[in-house]
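Worksheet for the structure shown next.
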Amino acid sequence: MLKIKFLLPLIIVISAIVWWLMPHYSDEDKGYYIAMFCTLTHDGRDNSPQAMQQIIEGSNSDYALQKIHFQSGLAAHLQTVWQDLSPEQQQKARQESLSCRQAMSEKLLPGKAVQ
């Protein structure tokens, strides 16, 4: 009985800490990164996380009160999703930006409509 009284709160605290430390990205952030990734891919430019970081942080105005900070974890996750696509899907995504957004959104934003 003493073990349960000790273990249950410990498990709850550990679970809460793990949940708190996991990255949580909003759907808005995911959509923004998908759009940027697909634009870079469609234009034939470098779609690496470093290129995305330059664009995101470079678009911040000096006078902006709320600057957009680059989320490297989300950019790396986009690269992983891209690598998981079949070569045919990647080729179609390079040719059509909408196909790219649909393919990436299926993985990152399931159930959301793509425009």
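The values are calculated or read from the model by the stated rules, or taken from the named source; none is laboratory data. Quantities reported herein were computed from a predicted structural model and do not represent experimental measurements. Backbone-built Cβ (ideal geometry, glycine too); neighbour counts: all protein chains shown. Quick note on the areas: whole protein, heavy atoms, side chains included, nothing else; ligands and nucleic acids left out. Shrake-Rupley method; radii C 1.70, N 1.55, O 1.52, S 1.80 Å.
Which percent of the accessible area of the stretch 1-95 is formed by carbon and sulfur heavy atoms (probe 1.4 angstrom)?
Answer for the stretch 1-95 is 61 percent, counting heavy atoms of protein chains only.
Per-residue ellipticity at 222 nm for the chain, helices alone: DSSP H runs ≥ 4 residues times -39500 (n - 2.57), over residue total, nearest 500 deg cm²/dmol?
Details: 6 runs with 80 residues, N = 115.
Helices in the chain give a 222 nm mean residue ellipticity of -22000 deg cm²/dmol.
Using r as the Cβ-Cβ distance of D29 and R94, and R0 as 30 Å, what FRET efficiency do you calculate, to the nearest 0.05?
Given R0 = 30 Å and the Cβ-Cβ separation, E is 0.80.
I need to check one value: relative contact order of the chain, counting alpha carbon pairs closer than 8 Å and at least 6 residues apart, in percent.
Once normalised by length, the contact order is 28 percent.
Label the stretch 9-114 by shape, choosing from rounded, prolate and oblate, from the square roots a ≥ b ≥ c of the eigenvalues of the Cα gyration tensor; if a/c is under 1.5 it is rounded, and otherwise prolate applies when a/b is larger than b/c, oblate when it is not. Display every interim value, and only then the final one.
Details: a/c = 2.29, a/b = 1.32, b/c = 1.73.
Since a/c reaches 1.5 but b/c is at least a/b, the shape of the stretch 9-114 is classed as oblate.
Kirkwood Rh, Cα Rg: Rg to Rh for the stretch 1-43?
Ratio of gyration radius to Kirkwood radius for the stretch 1-43: 1.47.
What do you get for chymotrypsin sites (Phe, Trp or Tyr not before Pro) in the stretch 1-73 restricted to DSSP loop and a cutoff of at most 11 other Cβ within 10 Å of the site's Cβ?
Qualifying residues, ordered by number: Y63.
Which lysines, on any chain, are close to K67 with Cα under 26 Å apart, when same-chain ones fewer than 8 places away are left out?
K30
May I ask you to evaluate 6.51 cos²θ - 1.76 cosθ + 1.60, the Karplus curve with θ = phi - 60°, for each residue of the stretch 70-82 and list the ³J(HN,Hα) values in order in whole Hz, giving x for glycine and proline?
Values per residue, Gly and Pro as x: 5, 10, 5, x, 5, 5, 5, 5, 4, 4, 5, 4, 4 Hz.
In a shell of Cβ-Cβ distance under 15 Å around K67, excluding K67 itself, what net charge do Lys and Arg (+1) and Asp and Glu (-1) give?
With Lys, Arg at +1 and Asp, Glu at -1, the net is -3.
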